[in-house]
Each structure stands twice: as structure tokens, then as C-alpha cells.
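Input: a single structure, listed below in C-alpha cells.
The values are calculated or read from the model by the stated rules, or taken from the named source; none is laboratory data. Just so it is clear, the model here is predicted, and its values are computed rather than measured. Reconstructed Cβ throughout: ideal geometry from the backbone, glycine too, with neighbour counts over all protein chains shown.
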Amino acid sequence: MEKRELSQSETDGGFRKRTLSVHSLLVGSSWFVRNLPRLVEATYANRVDDRLREKILLTVSAANECRYCARVHGSVASVVGIDDETIDRILDSNVEAAVSEAEQPALLFALHYAETDGDPAPNVREAMEAAYDPATAADIVAFTRAMHVANLLGNTVDAGVSAVERRIDRALRHARTRCPI
């Protein structure tokens, strides 16, 4: 995976996953609300079958290391008939070994989209768009972007929980030094 710069909180022992800033939360939430009808339409149009959709969602979740989405979509992937070995390969970001050649452009796009924080190289997007009809390619982009925002939201929640846990731990350590039992 591509290396990314760490924020100050990450370099001093804090949370180490990509999260949403206040600005990106507003932008992502606004995008999600505006595009909800498009996502519903993409889901019910069945241009992207359930198995490929779940593979896309797992790929993005793996790249963003969102434990909530990876767990949920790993379970859904099993329900729609994706075997455990394929799920594990996708969660290891080994998409080329996990899927058929026909599915690779979608998953490589999804992986690159997540790794670049929603800014994929034009050639990666063009390769995906060349592999599918325009409506299917648009559905793949919609699913990828929605999962990316959901993953970052999940990671943001995790970062908050992690920060509270660190503060409690520091307070307990401080209390133990002041009041040894």
C-alpha cells in the first residue's frame, strides 16, 4: 500500500488510520445525502451483482482499515456466496489473486481510490471505465466513494474511542503514582 504522512497525533502514539476532519465530514456527508438516490438506484439496477459489490466494499474497507465495515461486509460477502479464502485475500489487499480478470479493474480502482484518499490516478479510473459500460462504471464509482466515506467515518469514531481510552489510561497511571496501593 501507498505510504501516507502521519498527523501529529499519530506520531506520538495516537490513532494511526485515516479519519475525517470536520471539513471532510461535512463534504462527505453532503455528498452521501445528495447521492443517496443514486446509490439506491445503483443497488437495485443490478448492473454490479451482489458478489462484486461486496468485493468492492471489502477492498475499500481493507485499504482504509475500517474494522467495522470489514466485519460487516465480510459477513455479507459470506452470505452472498464469496468463499472465506477470497474474503481473506481481499482483506489482505491482494485483489489480483482474489478475483477473476473481469473483476480486477473494479477492485484495483476501488483499492487505488481508497489508498489515494479519493484521488485516483486518471489511468486507473480510465482502465476501470474501459472494462465496463458507462452505467456500471458509474455504479462502481458510487459504491467505492460511499464505502470510502463510511470507512473514514468508522475510523473517526474509533479515533475518538482511542483518544478517550488513552486519556483514561494516563489518568489511571497518574493516580497510581500518587496513590500507590
Q. Looking only at helices (runs of 4 or more DSSP H) that fall completely inside region 74-168, which ones have 1 or more residues that are under 19 Å from Ala42 (Cβ atoms), touching a Lys or Arg at 6+ places or on another chain (Cβ under 9 Å) and not acidic (Asp, Glu)?
A. 104-115
(Q) Looking at Ile140, Ile168, can you tell me which residue is among the aliphatic types (A, V, I, L, M) and buried (at least 20 other Cβ atoms within 10 Å of the Cβ)? (A) Ile140
(Q) I'd like the residue in region 116-137 that is farther than 24 Å from Arg34 by Cβ and among the hydrophobic types (A, V, I, L, M, F, W, C) and, out of all such residues, is surrounded by the fewest Cβ atoms within 10 Å (Cβ to Cβ). (A) Ala130
Q: Say whether the condition of being at negative phi and small (Gly, Ala, Ser) is met by at least one residue in region 88-98.
A: yes
Q.
Name the single residue that is nearest to His112 (Cα to Cα) among those in region 21-61 being surrounded by 15 or more Cβ atoms within 10 Å (Cβ to Cβ) and hydroxyl-bearing (Ser, Thr, Tyr).
A. Thr59
Q.
Restricting to region 1-48, and then to whatever is in a helix (DSSP H, G or I) and among the β-branched types (Val, Ile, Thr), can you tell me which residue is modelled with the lowest pLDDT?
A. Thr11
Q.
Any residue in region 151-167 that is under 9 Å from Phe15 (Cβ atoms) sitting within a Cβ distance under 8 Å of a residue that is among the charged types (D, E, K, R) and surrounded by fewer than 20 Cβ atoms within 10 Å (Cβ to Cβ)? List the pairs, counting only those 6 or more apart or interchain.
A. Asn155/Lys17; Asn155/Glu65; Asp158/Lys17; Asp158/Arg67; Ala159/Lys17
